[in-house]
Amino acid sequence: MADALERTLAKALTKIGIRLDLSGDDAITPEATMEVLQPVIALLQNLPAQDRQALAELINQCAQEETDPERHLTAWETPETLGLLV
């Protein structure tokens, strides 16, 4: 069972992923988005597979909380975007 810290960090990653993905190219370019995400992805890749899976599940729980269809879809894609899925 995830603790409050883990849930909060998963929610933060989800919200950041949504914001970056749904921002227009005039707000943040795709290249700049990847510059932000690449270090995060690299850190997450160092986690054991079991931890990456657990984080993906927490992010999916956050996705279920999204009521806006576009944000919901983007949230569901976040584990893949962050390289958590093997």
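Here are a few things to note about the model shown:
- Members of region 46-81 found to be in contact (Cβ under 8 Å) with a residue 24 or more places away in the chain, of a type in the set (S, T, N, Q) and in contact with a helix residue (DSSP H, G or I) (Cβ under 8 Å, 6 or more places away or on another chain), listed by number: Gln61, Thr74, Thr78, Thr81
- Among residues of region 59-86 being more than 12 Å from the chain's Cα centre (by Cα) and not in a helix (DSSP H, G or I), the one that is modelled with the lowest pLDDT is Val86.
- Residues in region 19-58 that are of a type in the set (A, V, I, L, M, F, W, C), closer than 25 Å to Leu5 by Cα and not in a helix (DSSP H, G or I): Leu47 alone.
- The set of residues in region 3-29 that are within 19 Å of Trp76 (Cα to Cα) and of a type outside the set (D, E, K, R) comprises Thr8, Leu9, Ala10, Ala12, Leu13, Thr14, Ile16, Gly17, Ile18, Leu20, Leu22, Ser23.
- Single residue of region 1-36 satisfying the filter (hydroxyl-bearing (Ser, Thr, Tyr) and touching a helix residue (DSSP H, G or I) at 6+ places or on another chain (Cβ under 7 Å)) that is surrounded by the fewest Cβ atoms within 10 Å (Cβ to Cβ): Thr33
The values are calculated or read from the model by the stated rules, or taken from the named source; none is laboratory data. Every value quoted in this text rests on a predicted model; they were computed, and no experiment measured them. Using ideal geometry, Cβ is built from the backbone for each residue, glycine included, and neighbour counts are taken over all protein chains shown.
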